[in-house]
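Down below is the structure, laid out as structure tokens.
Derivation of every value follows stated rules applied to the coordinates shown; laboratory data play no part. Quick caveat: nothing in here was measured; it's all calculated off a predicted structure. In this analysis, Cβ positions are derived from the backbone assuming ideal geometry, glycine residues included, and neighbour counts consider all displayed protein chains.
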Amino acid sequence: MFEGLRKRLRGVSRKLGESITEGEDTPGTGEISPAANGAAGTEKPGQTGLASRVKVLITERELVISEKDISEALSELEMILLESDVALPVTDDIISHVRSNLIGKHRKIGDNVDDIVIDALRGALLDVLGPGFDLVRYIGEHERPVRLLFTGVNGTGKTTTVAKVAYFLKQKGYSVVIGAGDTFRAGAIEQIDVHAQRVGIKVIQHQQGGDPSAVLFDAVQYATAHHIDVVLADTAGRFHNRANLMNQLDKIRRVMKPDLIIYVDEAVAGNDAVIRAHEFEKTVGADAVILTKADMDSKGGAAISIAHTIGKPLMFLGNGQGYEDIIPFSPEQVVSELLKEAPDA
Amino acid sequence: MLDRLGSSLKDALKKLAGKTVVDRAAVDELVRDLQRALIQSDVNVKLVMALSQAIKTRSLEEEPPKGMSVREHVLRIVYQELVRLMGETGTVKLGPQRILMAGLQGSGKTTTTAKLARYFQRKGVNVGVICADTFRPGAYDQLNTLCSRMNIPCFGNPAVSDALAIVRNGLKDMHHTEVVIIDTQGRHALEEDLIQEIIDINTISQATHRWLVIDAALGQQASEQARRFHEAINIDGVIITKMDGTAKGGGALSAVAETQSAIVFIGSGETIEDLERFDPDGFISRLLGMGDLRALVERAEETITAQDVDINAMMRGRFTLRDMYKQLEALNKMGPLKQIMSMLPMGNVELPGEVYDVTSTKMVRYRVIMDSMTAAELDDPGLISSSRIQRVAMGAGATPDEVRELLKYYKMMKRTLKGVRGAGGKFNMQRLMKKFGGN
């Protein structure tokens, strides 16, 4: 997963490394300023006398990375992020983060260029992705039943994700009930019903066209009465620019009082991911994010965009058609994976 | 529709219009803004680079035709290149055919299948659908529910897991049906066995058309997915779905470019009727604020007679209450004011928001009030004094405040139209461009 992004990030970090090393081969051209005692970053190269320059060059060779050294590689990084579906504003942020981290940085001749670059990239990515979300621990720490509400636009895979999360929690030993809150789409109730039968979980359902708040309220009541650990509330997909549908979601929230609102989006979404994540977060809130369809050779840009926009942790990645195809998201792991020495490097 | 892409494009062009000289730097800036706008709309990055390069080279190297200013020349090039990016209009015949729907999971194939069936049904063609999605639970229920609401036959069997068998039997069952639409399971290009399945379905069904359904929100991945679907079953049309959200559909454009096909339909809502044909030419015109006159004329011809609205008189600036009355009458037939305005070649001058806020109920009230005015008052609203306002209000069963509100609305409309006219009724791009800049 995220294979594409990984390979290309490696390419850029190598290139950044090279352009910094290139600078090193031609000392004294102004691209590199010899720095004395680490404090010379502010000192302009022209102001230093030739003698002292030579002396410093020989003894205390420390290089300052200038904008010129890395601008080409940075614009390439920009292209790569854009091609990986990282939204434009988010790309701009990451680039400026890397730039400000690298420029003016002092570097001893012996230091590994790769390390500096990778550190800068890692910093920027971790910064954007934020911490992960440990659902199991959350459930352990909260009063039963823990109520999870799933939201998102149409066709992102909410219903399938609900089934997967149910399966995941069941494997972890929790009892689960599902509320079939998608009363709008034809076939949605049948869909969740079949899923639930297959993973052996009870579904609370009403008829198609019913009030989703009522269904989900019943699901919570059922869970309380039967001492069930977790309620998973499926909802109909809706667009964030439909005021009445968003109001309906707001009503659901008031009625079932979810502990967590989980925003589901697809990893293949482009720039719109940012807009809709922001709207959902604004109108009904979101506590965690699940990204689906990560197996579609996705470059993972949506993960970065969404996390950056709403600042909420990613909880799971859906990466296949089976019930077990869901993996808890850990930012460190993903970032290390992305920046890992590629086998061909 | 895709108008959010439009606003950023228009901003870029506005900047160009504000420039005194159109030189290399101006073109560079335009191209840069254009790039950002397109990338933000999810158009494939490589495609954007190629497009902007073409615009740049052509703007700087091609001689503007005689009588055309450099500015118009550049605008024309942007227009042509964008039209090329959008591809041709896909043709949709109404004769006997088999249509195979393909696409990623959750792109909206099943809903679109039902919408498409409804489209053919409305055109009076005998249509049926086959549900070959044997994987997703509830898929058959979904399609069957949607189809039975419209009395369209739907073939499928949730108990059978062999999609090929269903297609074979379905085609046998529907051999009298003119148009057969086959809905398939969502798949992505990396799933080898599923790709093989759709190749087999294509072979068995001997489909006339293979349409790729693309979610408007799909990002850079669109090109790659489209390419592989194209390799597998030779896609000859693209349907963009979920255009009613905020997504801009650039991914679908990449898919069109990749498959060398065309956009055939656009899905823009949750109900079964929300499927539109797509015309790239008119669309781009509107996008660039040049007005889609053809669509306006067509629509006007369809719905109203010539004396209903005298657009020429309006453009000349002679706008009386009588014109507004006609306009309000025509509105019901033609659709919302905003839509009509967006089709007029007025460089998409932003009308003040209050103009649109006048709801249809208010429109009716206004007409009633105007019915209580004399012919002289309608032709020259300046006549209406406060005592006349009293009289009109009494006659129409309205309050004087309502009458004043109507007059205020009229003045606002008049002012806006005055700002637009000046071209002497002739479509003059130079002046329109100046208006762009002046805004």
Distance in nm between residue B:204 and residue B:93 label points, each 7 Å along Cα→Cβ, equals 2.5 nm
Listed by chain and number, the residues whose amide H is under 5 Å from that of residue B:278, excluding neighbours fewer than 5 places away on the same chain and using placed H, are none
Per the charge dipole of segment B:97-284 (beta-carbon charges, Lys/Arg positive, Asp/Glu negative, Cα centre), the residue among B:220, B:150, B:108 reaching farthest to the positive end is B:150
Taking a 23 Å limit on the Cα-Cα distance, which of the listed pairs B:248/B:362; B:46/B:109; A:202/A:282; A:202/B:109; A:170/B:242; B:15/B:56 fall beyond it?
B:248/B:362; B:46/B:109; A:202/A:282; A:202/B:109; A:170/B:242
Phi-based couplings in Hz for segment A:176-191 (Karplus 6.51, -1.76, 1.60; Gly and Pro marked x)
9, 10, 10, x, 7, x, 8, 9, 8, 5, 4, x, 5, 5, 4, 4
Can you work out ³J(HN,Hα) from phi for every residue in segment A:310-322, in order, using Karplus 6.51 cos²θ - 1.76 cosθ + 1.60 and θ = phi - 60°, giving whole Hz and x for Gly and Pro?
9, x, 10, x, 7, 9, 9, 10, x, 9, x, 8, x
Give the long-range amide H neighbours of residue A:147: residues separated by 5 or more places, or on another chain, with amide H under 5 Å away, using H modelled in the peptide plane at 1.01 Å from N.
A:231, A:259, A:260
Along segment A:220-237, what does the Karplus equation 6.51 cos²θ - 1.76 cosθ + 1.60 (θ = phi - 60°) give for ³J(HN,Hα), rounded to whole Hz, x for Gly and Pro?
5, 4, 4, 5, 5, 5, 9, 6, 8, 6, 10, 10, 9, 10, 7, 9, 6, x
log₁₀ of I(q)/I(0) at q = 0.21 Å⁻¹ - segment B:138-294, Debye sum with one point per alpha carbon:
-1.51
Taking only Cα atoms of segment A:109-259, radius of gyration then Dmax in Å:
19.3, 71
Relative compactness, segment A:209-345, computed as alpha-carbon Rg over 2.2 N^0.38 Å:
1.19
For residue B:155, residues with placed amide H under 5 Å, excluding near neighbours:
B:129, B:130, B:131
For segment A:79-170, state the semi-axes of the equivalent ellipsoid (square roots of 5 times the eigenvalues of the alpha-carbon gyration tensor), sorted largest first and rounded to whole angstrom.
39, 19, 11
